[in-house]
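The values are calculated or read from the model by the stated rules, or taken from the named source; none is laboratory data. Given the structure is predicted, the values throughout are model-derived calculations rather than measurements. Here Cβ is always computed from backbone atoms with ideal geometry, including for glycine, and neighbour counts include all displayed protein chains. Side chains are part of the model used for accessible areas, which takes the heavy atoms of the whole protein and leaves out ligands, DNA and RNA. Shrake-Rupley method; radii C 1.70, N 1.55, O 1.52, S 1.80 Å.
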Amino acid sequence: MVLLGVLCGGAFAQNSAYDRFFSDYFFRYSPTQGTSAGLHQYDSQLEDYSRKNVEAQIRDAKRLEKAFAKLPPSDDRDLVLGRLRADVLALRDIRMWEKNPDSYSSGITFSIFTIMSRKFAPEADRMRSVIAREKAIPAALEDAKANLKNPPKIYTEVALEQLPGIIGFFRKDVPAAFPGVKDSSLLAEFRQANEAAAGALEKYQEFLKNDLLPRSHGDFRLGAANYRKKLLYEEMVDTPLAELLKVGYANLRENQRAMKDAAARIDPTRDPAAVLADLMKDHPAPDELVASVSNTLSGLREFIETRHIVGIPSQVLPTVEETPPFMRALTSASMDTPGPYEKVATEAFFNVTPPEKDWPKERIEEHMQSFGRAELTTLAVHEAYPGHYVQFLWVPRAPSEAKKILGAGTNVEGWAHYCEQMMLDEGFGNGDPKLRLAQIADALLRNARYIVGVEMHTGNMTFDQGVDFFVKEGHTTRELALVETKRGTSDPTYLMYTLGKLEILKLREDYKKKQGAAFTLEGFHNEFLKQGFPPIKIVRRNLLGAEGSAL
């Protein structure tokens, strides 16, 4: 086996402990992550979902945790320890592998998607990798059936909602992803493997509907103890939950006041919710969506460069395109950036999903309201400039292999969410209240995620109360509130957007005090992004020389 440090030329070539962590643990148990990172020796491997493998991973994680705990303190050691402890918590204590049927069907779908989405190798070679992974899918789904025990009803219901689209993905979209393959024997092998995968998914769907759903009576709540540990291990956040809730509610109220102010600047005679509803109706025509997003990008980049907001390591604009058909069941908008070790398919794609032409007019209109002209700016800032795209242009420059691969949601999503507010604060849009209202509406949605996630998983809020909270406090539609609350049952720490943004704002304030007259916004942003995307606590101690309070 080639060691990652040697393979990547880099930082861990002389450090066998880190080499073994990545080659013998991280990518061994998560080969799909290897493909995403641009390490294509993992392309033919699918995750082993068996109970035996889960138990082996727990043993390996505990063994490695003891070994790394003995190493001298460092950022990389803390990142690895956090990952190992998070894995043990997830596998041994939270045990989603016994509770969440969607993690299997969506997991194998993403494994195939990573091969399809980027042209890092000729079509025939990538098809061979798909075949290899697809051949392992029937066994993976049999492991899922054996593993699942008394899941929460909502988890099984969500999995059943997802499966028709997933089955359609395999039957229609996977074959359409390789139009250039002409080798008849290879195509025959692919059709056989793909049909077996789709058939196994259909059997899995029947199992969920007829067997698992009637016995799905489990509780989705993590409980306060596991919630605290999850935040600590994944995000290095040790703030007590009661204090986190105070911070979350304070920011919610601040944004609610800001929403009223922005709406009043547009039309002081109307309710803010009505002003926002009208704002969403102002959107481009479906066939103008790509051009509208492209036009927004150029203006954002020019503003960033003129105002010296942040360094942009590449002059190449991301390519804005309609989401490819085989991706449309999975995303409405996304930024597809290359992994830190991708050497061939280095382009980045900003995908936006248009409505289908055969949809009814009402559904088309509902879909396009998520692409209101003011909302497009917030979306483009978050996904591209200076959000995810710019951040991941910096990641290959991170100072170690660990910082190129391991990170935290509070950093990634916190940075993108922070940028939404920061760009308007710095003058983008010349104070247009419509842009501000759209930005605040997105902030309120993230505020609601923050509070609902904590409250539901610590037993202080029911699912229905979570839905009501999104509607009343987050100013969402009930349909969106239902979707967001469902997400919160299996994504408990989706407070990461707001929490990360607040941590970055506090870090910026503290760094400004330290730098004094030498402080520049661009300098702060560049120093932040140089770190990779670790928990903000690691960034704080590198920028400030001490940890201090992150909130």
Report task. Of the options Phe371, Pro396, His382, report the single residue whose Cα projects farthest towards the positive end of the charge dipole of segment 359-425 (beta-carbon charges: Lys, Arg +1; Asp, Glu -1). Result -> Pro396
Query raised in the report: Assuming R0 = 45 Å, what is the FRET efficiency of Glu302 and Lys506, from their Cβ-Cβ distance, to the nearest 0.05?
Result: 0.90
Query raised in the report: Given Lys501/Lys530; Lys66/Lys229; Lys172/Lys404; Lys230/Lys514; Lys246/Lys512, which pairs have Cα atoms separated by over 28 Å?
Result: Lys172/Lys404; Lys230/Lys514
**Report entry** Simple Cβ-charge dipole of the chain, Lys/Arg +1 and Asp/Glu -1, about Cα centre, in debye nearest 20
**Finding:** 1520 debye
Report summary line: Low-density loop trypsin sites (Lys or Arg not before Pro), segment 23-96, at most 15 other Cβ within 10 Å, DSSP non-H/G/I/E/B, are Lys70, Arg95
Query raised in the report: Which lysines have a Cα lying under 23 Å from the Cα of Lys281, excluding residues fewer than 8 positions away in the same chain?
Result: Lys260, Lys357, Lys361, Lys434, Lys472
Query raised in the report: Full extension from Glu65 to Lys281: what is 0.36 nm times the residue separation minus their Cα-Cα distance, to one decimal in nm?
Result: 72.5 nm
**Report entry** FRET E, pair Ser16, Arg541, Förster distance 25 Å, beta-carbon r, rounded to 0.05
**Finding:** 0.45
Query raised in the report: For the chain, what is the mean residue ellipticity at 222 nm derived from helices alone (per DSSP H run of n ≥ 4: -39500 (n - 2.57); sum divided by total residues; nearest 500 deg cm²/dmol)?
Result: -19000 deg cm²/dmol
Query raised in the report: Which label marks the calculated value of semi-axes √(5λ) of the Cα gyration tensor in Å, given the options (1) 47, 30, 23; (2) 34, 33, 21; (3) 34, 29, 26?
Result: (3)
Query - Rough spin-label spacing in nm, given labels placed 7 Å along Cα→Cβ, for Glu243 and Ala188 - result: 6.7 nm
Query raised in the report: Quick one: if the Förster radius is 51 Å, what FRET efficiency do Asp211 and Gln515 give, using the C-beta to C-beta distance and rounding to 0.05?
Result: 0.25
Requested in this report: Could you provide, to the nearest whole Å², the per residue accessible area of the chain with probe 1.4 Å?
Outcome: 42 Å²
Report summary line: Once the dipole of segment 82-239 is set up from charges on Cβ (+1 Lys and Arg, -1 Asp and Glu), the residue from the list Ala144, Val174, Asn194 lying farthest towards its positive end is Ala144
Report task. Could you check how much of the accessible area of the chain is carbon and sulfur, as a whole percent, using a 1.4 Å probe? Result -> 51 percent
Query raised in the report: So between Glu479 and Glu98, what do we pick up on full extension, going 0.36 nm a residue minus the alpha carbon distance?
Result: 134.3 nm
Report summary line: The answer for trypsin sites (Lys or Arg not before Pro) in segment 154-213 that fall in a DSSP coil and have at most 14 neighbouring Cβ atoms within 10 Å is Lys182
Query raised in the report: So, in Å, what gap is there between the alpha-carbon centers of segment 243-269 and segment 465-488?
Result: 17 Å
